[in-house]
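First the structure, in the form of structure tokens, and then the observations on it.
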């Protein structure tokens, strides 16, 4: 699969670095760094694009400016790409209204566009756009990418006698690499500590999602991202945790 990653700063560069370190051998990844300065209105997108871009199957947009989204349809035409993942880890970089427009523009070009919010909510079949809404999609290339990078999936092996995590294997990493970092840090910990430890490791990585409260979630995207990872751990350690039951005392006469 031929991938073109659009970056404009450290946020995207860290994503691309992790993808290159852990991608399957049959993937090739090219990078184009977009400009950082734009006018209020872009009349001619081609003025901000290079004369050519490599033929691609999948576009990954990690831009840190909303204007970059307006360039993506033209990039799709230039590269022949019919699949697009535009990350939403910070609302001002791709506001919800512009995200809807982008999906529509690319739909006219017979291209599939997903806008996961946050990026680490992407699975092989759907993604989050708000607290209670996951959007389904059908696209073989995006699904192939999401098999390896997206919503974290860490597989734990737990010793039932000691109730500790023996091994921790990443099935699907976050695009930024956070799940791999958390996985390494969990080994040897008690199941009673695993959820809290995973949350701390997620923050220490650090997570690249916004720390500003998002109106679609009523929380920061960093916390949404952390909870997605903690939920994955929680489901696996729950059967091994000691559950304490409190019996109400008897009232004295």
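The numbers here are math on the coordinates, done by the rules we state, and not lab data. The shown structure was predicted, so the numbers you read here are calculated from the model rather than taken from an experiment. Here the Cβ is made from the backbone with ideal geometry for all residues, glycine too, and neighbour counts use every protein chain on show.
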Checklist entry - Against the longest alpha carbon principal axis of the chain, how many degrees, from 0 to 90 and to the nearest 10, is the axis of helix 191-204 turned? => result 30 degrees
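Taking only DSSP H segments of four or more residues, each worth -39500 (n - 2.57), what value at 222 nm results for the chain once the sum is divided by all its residues, to the nearest 500 deg cm²/dmol? Each step should come with its number before you reach the end.
Details: 7 runs with 88 residues, N = 253.
Calculated mean residue ellipticity at 222 nm is -11000 deg cm²/dmol.
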Checklist entry - Which residue fluctuates the most in the chain, going by a Gaussian network model with Cα springs under 10 Å, if the choices are 97, 12, 180? => result 97
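Using 0.36 nm per residue, how much length does the chain from residue 101 to residue 200 gain when fully extended, once their Cα-Cα distance is taken away? Show your work: numbers first, answer last.
Working: separation 99, 0.36 × 99 = 35.64 nm, distance 3.63 nm.
Result: 32.0 nm gained on full extension.
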Checklist entry - Distance from the Cα centre of the range 49-108 to that of the range 171-228, in angstrom? => result 26 Å
Next on the checklist: Between helix 67-79 and the chain, what is the angle of the helix's C-alpha long axis to the longest principal axis, kept within 0 to 90° and rounded to the nearest 10?
Outcome noted: 70 degrees
Item to check | Cβ-derived FRET efficiency at R0 45 Å, residue 166 paired with residue 213, nearest 0.05 | outcome: 0.70
Checklist outcome for this item: Across all Cα atoms of the chain, Rg and the largest Cα-Cα distance (Dmax), in Å, are 20.6, 89
Next on the checklist: Modelling each spin label as a point 7 Å along the Cα-to-Cβ direction, I'd like the residue 41/residue 242 distance in nm, to one decimal.
Outcome noted: 6.8 nm
Next on the checklist: For the pair residue 27/residue 135, report the inter-label distance in nm, with labels modelled 7 Å from Cα in the Cβ direction.
Outcome noted: 2.1 nm
Checklist entry - Quick one: in the range 38-164, what % of C-alpha pairs are over 25 Å apart? => result 28 percent
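Subtracting the Cα-Cα distance from 0.36 nm times the residue separation, let me have the gained length for residue 190 to residue 147 in nm, one decimal. Show your work: numbers first, answer last.
Numbers: separation 43, 0.36 × 43 = 15.48 nm, distance 2.87 nm.
Value of the extension gain: 12.6 nm.
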Item to check | Angle between the chain longest axis and helix 96-108 axis [Cα atoms, degrees, rounded to 10] | outcome: 60 degrees
Item to check | the chain: relative contact order in percent, alpha carbon pairs under 8 Å with at least 6 residues between | outcome: 14 percent
Checklist entry - Can you give the alpha-carbon Rg of the range 59-124 over 2.2 N^0.38 Å, where N counts its residues? => result 0.99
Next on the checklist: Over the range 2-148, what is the relative contact order in percent, taking alpha-carbon pairs closer than 8 angstrom and at least six residues apart?
Outcome noted: 20 percent
